[in-house]
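J.: Here you go, one structure.
The values are calculated or read from the model by the stated rules, or taken from the named source; none is laboratory data. This one's a predicted model, so the numbers in the text were calculated from it and none came from an experiment. Note that we place each Cβ from the backbone using ideal geometry, even for glycine, and neighbour counts take in every protein chain shown. The accessibility values were calculated without ligands, DNA or RNA, using every heavy atom of the protein model including side chains. Shrake-Rupley method; radii C 1.70, N 1.55, O 1.52, S 1.80 Å.
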Amino acid sequence: MKNKTIVLGIGNIGRQDDGLGWLFLDFLKEEGFKGIDVEYRYQLQIEDAELISHYDKVVFVDATIENIKDGFYYRICEPSDKFGFSSHELEPETILFLENDLYNKNPKAFILGIQGYKWNLKMGLSKEAKANLDKAEKFFSSVGTSSV
Amino acid sequence: MSKKLVIDPVTRVEGHGKVTVHLDDNNKVTDAKFHIVEFRGFERFIQGHPYWEAPVMVQRLCGICPVSHHLAAAKAIDQIVGIEPEDLSVPAQKIRKLLHFGQVFQSHALHFFYLASPDLLFGAESDPLKRNVVGVAMEYPELAKKGILMRKFGQEIIKLVAGKRIHGISTTPGGVHKRVSAKERTYFLDGKDIPSIDTMIKWSIEIIDFMKSYHITNKEFLDTFAKYPSGHLGLVNKKNGFLELYDGVLRATDSDGNITLNDVPNDDYNQYFYESVKRWTYLKFPYLKHLGKEKGWNRVGPLARINICEGIETPLAERERLDFKAITNGGINNMTMYTHWARLIEVLYCAEMMKNLLEDDDILSNDLTRKGERRKEGIGIIEAPRGTLIHHYEVDDKDRITRCNLIVSTTHNNEPMNQAVRWVADNVLDGKPKITEGMLNQVEVAIRAYDPCLSCATHALGQMPLEISLYDSLGNIIDVRRN
């Protein structure tokens, strides 16, 4: 029996701050958030459109290079038919568009973007990214399961 | 003023490459090349690692075909621990094959539905904003949904055997570390949670039927586009010459079907192949020694495999192979665009083989590993989705890898892809007063037929935008287009 919410963490812990998405999933699991499924992704895949069609709510979590005042943002994901030049570049908005177009279940969708700074072939977050991850975790801990 | 056209990067392929086309004052093509501009050097940095780490490390070459590298390395490491492919336990052989067929199935499905079908459905010169998987989903939703679920099925098979859909681990030296449970295989057979393996077979036939219909209405395009003579190389079953993806002997033919490599055992590959290098690309050019650089290069992948094999062991795919061969009256097919059709026959073959293996109780057995006498060298060759993949390792007395040689599928296809680029340059771009986006996409259509995995071939990291630049003969940019 699936839960009603799925959280997709995108990234690679072998590339420093690119691991933010996965580490946030680790946090969700460790904290024991109820009612959610989690999936780790190096990159989004086209079949994720089918996957999210089975849920009422989807949250995409990824590191971002955007300069964010609070270190992270949590915003609504709007479907978009934009398409990158390769299969390695599928955006959450495109996955949501494909879900809406092909399966028409239209789950509520959000993006949690956490600012990262370093992307080298190395394990471990930068100090700044770790601080931003802490802020995002604190926020979600305070508002509870319904926020996720 | 002479000009140079640059397509950088080539789109809807796995990895990054670029194409340059040189034009003279009259827009006549003077040269055309397909460059691979990535470099990572896996062969070098794996040296010094313990041999048992190889199957785990090398799969990081690629996120599309990690299973192929994992299995090729595993076969080589089996030899290091004294185990030939036929010495593996029967359950281990079947579990590995199940993993491999899942991999080829999902990779071929990804390529056809995601990368190639936009060109076929909308046309190579159609609106580029529509000519992608999103466009396919909007106009052909049922086709897109099947493509997604076929890809998912293959990925789920990989997850079943290797634990993860990408970069999972299944093999151990001399075997596999996990059996399949009865409950796990039921997931793929009963159709309750995902479409069943029988549905996969049904859909595979439907997609081939689509290709046959496309052939009727687009025969001239398929027959002529990027057609050129070449050699064809791959593995075949050592007993009967049938299509073989996991373990067989090396066979090659020339463009007329004459045998140029006669069922050579894997261990002897090094006696037959050379690799040349060129200054303008990181990708090497393999060729058969005895034929030389000019005549010794071969296509690999679906078209080559269907060309060189004498049959397919599964009945439905064999029926399709016979239909396919009838087009060339049983002879060799040198028409590049038929690679898509050959790929779909392999999709059906993989689906049939997965059904056979899922219904085989051997995969439930705990008899998973074997041990033999330690050796210093191991060679593993399999047919990856894109073609013949060779892994070769040497180790010292302290179990450290001292030498690694990888010849990946896309490397074999380097010269064929360059031939394809030259064909389009000569037949589509040559002498045209204006080069359109649609014309440039035809260069990519020719390359895409090979489903090149450029990340595997040279192995890069990074990000590039799509950029097409027009240079004059002095190297000055006179026009740039960005995606």
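J.: Going residue by residue through the range B:258-265, is there one that turns out to be of a type outside the set (S, T, N, Q), out of contact with any His (no Cβ under 9 Å at 6 or more places or on another chain) and touching a residue at least 40 places away in the same chain (Cβ under 8 Å)?
T.: No, there is no match, as no residue in the range B:258-265 is of a type outside the set (S, T, N, Q), out of contact with any His (no Cβ under 9 Å at 6 or more places or on another chain) and touching a residue at least 40 places away in the same chain (Cβ under 8 Å).
J.: How many residues does the range A:1-30 hold that are closer than 19 Å to A:Ala131 by Cβ and among the charged types (D, E, K, R)?
T.: Within the range A:1-30, residues that are closer than 19 Å to A:Ala131 by Cβ and among the charged types (D, E, K, R) number 5.
J.: Next up: For the structure I just gave you, tell me whether A:Gly116 is open to solvent by less than 60 Å² (accessible area, probe 1.4 Å), more than 10 Å from every other protein chain (Cβ to nearest Cβ) and at positive phi.
T.: Working: open to solvent by less than 60 Å² (accessible area, probe 1.4 Å): yes; more than 10 Å from every other protein chain (Cβ to nearest Cβ): yes; at positive phi: no.
No; evaluated as a whole, the condition is false for this residue.
J.: Can you tell me which of (1) modelled with pLDDT under 95; (2) polar (S, T, N, Q); (3) surrounded by fewer than 20 Cβ atoms within 10 Å (Cβ to Cβ) is the one A:Gln16 doesn't meet?
T.: Just one mismatch for A:Gln16, condition (3).
J.: I need a count of the residues in the range A:45-79 that are within 14 Å of chain B (Cβ to nearest Cβ) and assigned to a loop (DSSP other than H, G, I, E, B).
T.: Count: 7.
J.: Continuing with this model, one more query. Looking only at helices (runs of 4 or more DSSP H) that fall completely inside the range B:86-169, which ones have 1 or more residues that are open to solvent by 30 Å² or more (accessible area, probe 1.4 Å), among the basic types (Lys, Arg) and more than 10 Å from chain A (Cβ to nearest Cβ)?
T.: Details: elements: B:90-109, B:117-122, B:133-139, B:141-162.
It comes to B:90-109, B:141-162.
J.: Looking only at the range B:18-70, how many residues end up being more than 14 Å from chain A (Cβ to nearest Cβ), open to solvent by less than 30 Å² (accessible area, probe 1.4 Å) and part of a helix (DSSP H, G or I)?
T.: Residues in the range B:18-70 being more than 14 Å from chain A (Cβ to nearest Cβ), open to solvent by less than 30 Å² (accessible area, probe 1.4 Å) and part of a helix (DSSP H, G or I): 8 in total.
J.: For B:Lys238, indicate whether it is out of contact with any Phe, Trp or Tyr (no Cβ under 8 Å at 6 or more places or on another chain) and either more than 29 Å from B:His100 (Cα to Cα) or modelled with pLDDT of 95 or more (or both).
T.: On the way: out of contact with any Phe, Trp or Tyr (no Cβ under 8 Å at 6 or more places or on another chain): yes; either more than 29 Å from B:His100 (Cα to Cα) or modelled with pLDDT of 95 or more (or both): yes.
Judged against the criteria, B:Lys238 is a match.
J.: Here is a follow-up. Considering only the range B:170-209, state which residues are assigned to a helix (DSSP H, G or I) and of a type in the set (Lys, Arg). Before the answer, list the steps.
T.: First, pick out the residues of the range B:170-209 that are assigned to a helix (DSSP H, G or I): B:182-189, B:197-209.
Answer for the range B:170-209, where residues must be assigned to a helix (DSSP H, G or I) and of a type in the set (Lys, Arg): B:Lys183, B:Arg185, B:Lys202.
J.: Then there is this: Could you tell me whether any residue of the range B:345-363 is open to solvent by 10 Å² or more (accessible area, probe 1.4 Å) and under 22 Å from B:Asp451 (Cβ atoms)?
T.: yes
J.: A follow-up question, please. Between a first residue in the range A:15-39 that is without any contact (Cβ under 8 Å) to a residue 60 or more places away in the chain and a second residue that is in a helix (DSSP H, G or I), which pairs have beta carbons less than 7 Å apart while being 6 or more apart in sequence or on different chains?
T.: A:Val38/A:Leu25; A:Val38/A:Leu28; A:Val38/A:Lys29
J.: Among the residues that make up the range B:180-187, is at least one of them open to solvent by less than 20 Å² (accessible area, probe 1.4 Å), at pLDDT 95 or above and of a type outside the set (A, V, I, L, M)? Show your work before the answer.
T.: Step one: of the range B:180-187, the residues open to solvent by less than 20 Å² (accessible area, probe 1.4 Å) are B:180.
Subset that is at pLDDT 95 or above: B:180.
Filter once more, so that each one left must be of a type outside the set (A, V, I, L, M): none.
Checked the range B:180-187: no residue is open to solvent by less than 20 Å² (accessible area, probe 1.4 Å), at pLDDT 95 or above and of a type outside the set (A, V, I, L, M).
J.: For the range A:15-24, check the following and say yes or no: at least one residue is over 21 Å from B:Gly135 (Cβ atoms) and facing another protein chain (nearest Cβ under 10 Å).
T.: Among the residues of the range A:15-24, at least one is over 21 Å from B:Gly135 (Cβ atoms) and facing another protein chain (nearest Cβ under 10 Å), which makes the answer yes.
J.: Output the number of the condition that B:Lys434 fails; it satisfies all remaining conditions of (1) outside any helix (DSSP H, G or I); (2) in contact (Cβ under 8 Å) with a residue 12 or more places away in the chain.
T.: Condition not satisfied by B:Lys434: (2).
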